[in-house]
1. Can you list residues whose amide H is under 5 Å from S132's amide H, if they're 5+ apart or on another chain and H is modeled 1.01 Å from N?
2. Would you please calculate the Kirkwood hydrodynamic radius of the range 70-165 over all C-alpha pairs and express it in Å, rounded to one decimal?
3. Can you tell me the relative contact order of the range 89-158? Whole percent, Cα pairs under 8 Å, sequence separation 6 or more.
4. Give me the net charge for the shell around S13: Cβ to Cβ below 15 angstrom, other residues only, Lys and Arg +1, Asp and Glu -1.
5. Please report, for the Cα atoms of the range 157-209, the Rg to one decimal and the Dmax as a whole number; what are they, in angstrom?
6. Output the DSSP H helices from the chain with an along-axis C-alpha extent of no less than 24 Å and a mean Kyte-Doolittle hydropathy no less than -1.0.
7. Give me the net charge for the shell around A206: Cβ to Cβ below 11 angstrom, other residues only, Lys and Arg +1, Asp and Glu -1.
8. Do you know the relative contact order of the chain, to the nearest whole percent, from alpha carbon pairs under 8 angstrom that are 6+ apart?
Amino acid sequence: FGGDHDLVVDTRSMYGGVSRPGGVRAFFAQGPEVSHFTYFAHPRTAERVVAGLTRADADDGGFAVPPPAAREVPARALRGAPGSRPVVFVVPGIMGSHLAAGGSRVWIHPLRLAAGGLRQLAITAPDVEAQSLVGLAYADLVEFLADTHEVVAFPYDWRRSIAEAAARLADEVRTRLDAAATTGQPLRILAHSMGGLVARLMIAQAPELWERICGHAGG
């Protein structure tokens, strides 16, 4: 699973489900005796099930507010005045960008994927667009960088040719470099995995941009 699980279901998924007007609460049990097959037999979890079913409205039944849901990565993250910090483009790896079909997210949306949503991402589909970076992989990084940089997230359609993504990256980098000419701040690119290929192809296709990037101290 790449994280906590109960031998069958990953723990993060257990905090999903239908939202409720009064909010959702959870009880977390951990230990070698806790698994997917022991919830109703284990004293701690069995007691919580009973408490949840019989509790009064004002009683939390021993449950607590669950951890926050998966975070979204904003298109631009900045802590400070614009132009006061270096700009860094974060270019994710393959499958590291959320994809939407007809405006509705398919990748990564577990329910839509389970319902056969991958068919909506066929390479011939005309209405697929990249929405944002996958927060599970990149949210912590973006938040960390936002302390010292103006972060520009660069999601792209990883199903298609990297030449398309490289051309679009060049356009966005060019716009930011024009602004950097007045602020004196450098521009940087942080690329992961397939994102590195996108950045390298951008450099190959538009070498003058790379010269401009390196022309700034710290770029």
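Just so it is clear, none of the values below were taken in a lab; they were calculated from the coordinates. None of these values were measured; they are calculated from a predicted model. Backbone-built Cβ (ideal geometry, glycine too); neighbour counts: all protein chains shown.
1. Distant-sequence amide H within range of S132: H98.
2. After inverting the mean inverse Cα-Cα distance, the result is 14.2 Å.
3. Working: 92 pairs, mean separation 32.5, N = 70.
This gives 46 percent for the range 89-158.
4. Neighbourhood net charge equals -1.
5. Every Cα atom of the range 157-209 included, Rg and Dmax give 11.6, 36 Å.
6. For the chain, where a helix must reach 24 Å along its axis and average at least -1.0, the hits are 162-183.
7. Summing Lys/Arg as +1 and Asp/Glu as -1 gives -1.
8. 22
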